[in-house]
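Only one structure is covered here, and it is reproduced in the block below.
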Amino acid sequence: MNLIRAGTLFFLSLSAWLTAMPASAVTVPDLYEISMPVTTSRDAAFVDALKAVVVKVSGRRDAPARLGAALNNPRPYTQRFGFTADNVLQVGFDSVSIDRLLTEAGLPVWGRERPATLVLLNMTSNEGAPRWLDGSSSSAETISRAAKLRGLPSVWTEATAQDQIANGDTAALLQAAARYNANAVLLGTIRSDGAGGASVQWQLASPDANANASGSLEDGVDLAANTFARVYSASGTSLGSVAVEVTGIENLGAYASTLNYLEAMTLVRGVAVEQVSGDTMKFRLAVRGDADTLRRALALDGKLLPQEQTDSVQPADRLRFRYQP
């Protein structure tokens, strides 16, 4: 049995994911929290919970197989836990301990800041035009449960005529994402096989990566999560130094907002102010990964707007932005 999917029916607060308002990059608040049914023993449920959380945090489906002996001793990584009346384990893992565990296993860490993904889902038949499904359908509920397990923020909206994109044009999909302030689009087309079964053709479109797959409803979520994890995650052992210049900082509030924003990013391990000149501040950041990884993460929510480089030869470890109030 797939342990990750076996626990999907037992997650709490699902309604918040099904009805979430469209947003740009989402900070996943419960990235290190898991609910897992107790099917055999409580010890086994802790092991299954650890398997689930390392998949969610690393973005890698093979993460549990890389943990070795640590997989059989999950208690040292827990911060809090309890059991519900219907025998479901609710456990919050310690983020520092889990990140260290992943790093020691050679696995990346995919931070809390993740792309908001607009899901467009339709059913096709030989009889007529596609029928578009919204977030209240049973198929949407299945997708949203899987998305919560993978830590993938999903955006649902009632499809309008301009969103009903059947030809899979990437530019049109990205325009649909922009209309709902999302970072990407996951387009699914459900096709009947004529024998009572069905498969889904999936297309993922984002500014940083595009991908396709076919399979089940959950396979679309896996396609998006696996793709984004490759783009936005970083090795915990790879610590880089990046210079970040931010213009438009005209008062103390803007300075505090920018500093707090940078310090709160999962990729950022340290922030130092190097220079202040007028409305421009230069920071030196210690980051997991490199400047490209940081740039992609910062681009998700648009709080800092990328600026054209003025130098004829721009160092690879330097980024320029403008503060967006």
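Bear in mind that the values in this text are calculations on the coordinates, not laboratory data. In this text the structure is predicted, and so the values were computed from the model without any measurement. Note: ideal-geometry Cβ built from the backbone for every residue, glycine included; neighbour counts use all protein chains shown.
Annotations for the structure displayed:
- Database remark: amide H of LEU67 closer than 5 angstrom to no amide H (H placed geometrically; neighbours at sequence offset of 5 or more, or on other chains; Pro and chain starts carry no H).
- Phi to ³J(HN,Hα) by Karplus 6.51 cos²θ - 1.76 cosθ + 1.60 over region 218-224, Hz, x for Gly, Pro: 5, 5, x, 5, 4, 4, 5
- Amide H contacts of GLN79 (H built 1.01 Å from N, under 5 Å, at least 5 apart or other chain): GLY92, PHE93, ASP94
- Stretching ARG318 away from ASN251 to a fully extended chain increases their span by 21.8 nm, per 0.36 nm per residue minus the current alpha-carbon distance.
- Stretch gain in nm, segment SER97-ALA70, where the contour uses 0.36 nm per residue and the Cα spacing is subtracted: 8.6 nm
- Within straight-line reach of LYS282, meaning a Cα separation under 25 Å, sit the following lysines at least 8 residues removed in sequence or on another chain: LYS303.
- For region 54-66, 3J(HN,Hα) per residue [Karplus equation, 6.51 cos²θ - 1.76 cosθ + 1.60, θ = phi - 60°, Hz, x = Gly/Pro]: 6, 5, 5, 7, 7, x, 10, 5, 8, 4, x, 5, 9
- Here ASP279 and ALA171 are evaluated by their C-beta separation; at R0 = 35 Å the FRET efficiency comes out at 0.50.
- Sorted by Cβ density within 10 Å, fewest first, the residues ASP86, ASP290: ASP86, ASP290
- Cβ crowding within 10 Å ranks ASP94, ASP99 as ASP94, ASP99, fewest other Cβ atoms first.
- Ranking of VAL119, VAL28 by count of other Cβ atoms within 10 Å, fewest first: VAL28, VAL119
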